[in-house]
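The values are calculated or read from the model by the stated rules, or taken from the named source; none is laboratory data. These figures come from a predicted structure and were not determined experimentally. Glycine also receives a Cβ, built like all others from the backbone with ideal geometry; neighbour counts cover every protein chain displayed. In case anyone asks, the SASA skips ligands and DNA or RNA and just uses the protein heavy atoms, side chains included. Shrake-Rupley method; radii C 1.70, N 1.55, O 1.52, S 1.80 Å.
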Amino acid sequence: MALSISLVLLLGIIVVILVRTGYQRIMPGIAVLLFGFFLASTGIAPTITSAVSSVTGWISSF
């Protein structure tokens with residue numbers, strides 16, 4: 001749970017920086033947000049979660 005909250009916080013900060021600098025516009029950002037929201041409710045969500053967990057475990061082993 002702590003990993004997912006910190007990952008969401010990190011990604012949120014990145015999105016805010018991208019929007020403020022002009023690299024990311026609001027409407028495409030909303031489309032990506034909705035895509036991620038609906039992707040999380042599909043059957044592939046556990047696979048994505050396990051892939052993110054394995055990558056973070058690999059990174060933390062350094």
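Count of the stretch 29-56 residues, restricted to those that are within 20 Å of S6 (Cβ to Cβ), open to solvent by less than 80 Å² (accessible area, probe 1.4 Å) and either modelled with pLDDT under 85 or not β-branched (V, I, T) (or both), is 10. One residue alone among I26, I13, I59 is surrounded by 10 or more Cβ atoms within 10 Å (Cβ to Cβ), among the hydrophobic types (A, V, I, L, M, F, W, C) and without any contact (Cβ under 8 Å) to a residue 24 or more places away in the chain, and that residue is I13.
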